[in-house]
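Remarks on the structure that follows.
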Amino acid sequence: MLQEMYEKNGYIENLSIIDLHSDSKNITFDFRGLKFNNCLFDNYDRFSECVFDDNTIFKNTIFKPKLSHKGLTTNISNNNIDFSTCNTVGLDDLLQMKTALKDVKQDENRRSVKRIISYFWNNGYFTDKLEREAKNRFKNIYQTFEKLMSIGVILSKKQATSQKRQDTLYYISDDYLDLRKIFEENMSCYEFELILKKLESP
């Protein structure tokens, strides 16, 4: 609908959404893949809940508060906005708080990943760990543990025990053995930063 009414030369031109509210109905738009120019969003408190993607672009556009109904619920990012041409007074607080939350999340991920990897490090080597023990130790951050398995950092194997039963063991993949630098050199390394980047991906 927006494209039919406002699109010109590949841009949504001169769109104004002002004082749009509804307590009973969530009025939002799908802005994925759309480019906006010379537009105005003013006192549209569901704006933050609209859907944006990497191809959504705003140029020469004015954003005036209030543009958020649920605080920080938004997937718009700084990359969607041409700050050299836009007036973002209505978005600045939202974007700053979102960035702050992202930083906190990244710090939490960093600590959790290092804690998990440290569990496998013993006397200068990465060692195997029993599945049941690992699950118990990391039950509060097991989602992160599972993600490390899904991207191939942690692998599993079966091994017969002295009781003639098959136990599942977890171990660090050979592809990530350079993670030892975290402990040997007390610093980050390429593999560690790569893991964090992969965990941030959808």
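The values are calculated or read from the model by the stated rules, or taken from the named source; none is laboratory data. Just so it is clear, the structure is predicted and the values come from calculations on it, not from any experiment. Here the Cβ positions follow ideal geometry from the backbone for every residue, glycine too, while neighbour counts run over all protein chains shown.
From the list Lys105, Lys70, the one residue that fits, being exposed (fewer than 13 other Cβ atoms within 10 Å of the Cβ), at pLDDT below 90, basic (Lys, Arg) and over 30 Å from Glu184 (Cα atoms), is Lys70.
Quick grid of which residues meet (1) more than 27 Å from the chain's Cα centre (by Cα); (2) at pLDDT 95 or above; (3) of a type in the set (Gly, Ala, Ser):
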| residue | (1), (2), (3) |
| --- | --- |
| Trp121 | yes, yes, no |
| Ser150 | no, yes, yes |
| Leu155 | no, yes, no |
| Asp167 | yes, no, no |
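Answer yes if at least one residue in segment 2-13 is under 27 Å from the mean Cα position of the chain (by Cα) and part of a loop (DSSP other than H, G, I, E, B), and no otherwise. No. Among the candidates Gly124, Gly33, Gly90, the residue that is small (Gly, Ala, Ser), surrounded by fewer than 19 Cβ atoms within 10 Å (Cβ to Cβ) and farther than 30 Å from Ser156 by Cα is uniquely Gly33. Quick check, is Thr161 in contact with a strand residue (DSSP E or B) (Cβ under 9 Å, 6 or more places away or on another chain), loosely packed, with under 14 Cβ neighbours inside 10 Å and assigned by TED's automatic domain parsing to the domain that holds Arg32? Against the criterion (in contact with a strand residue (DSSP E or B) (Cβ under 9 Å, 6 or more places away or on another chain), loosely packed, with under 14 Cβ neighbours inside 10 Å and assigned by TED's automatic domain parsing to the domain that holds Arg32), Thr161 does not qualify. Being more than 13 Å from Trp121 (Cβ to Cβ) and loosely packed, with under 15 Cβ neighbours inside 10 Å is a property that does not hold for Lys147.
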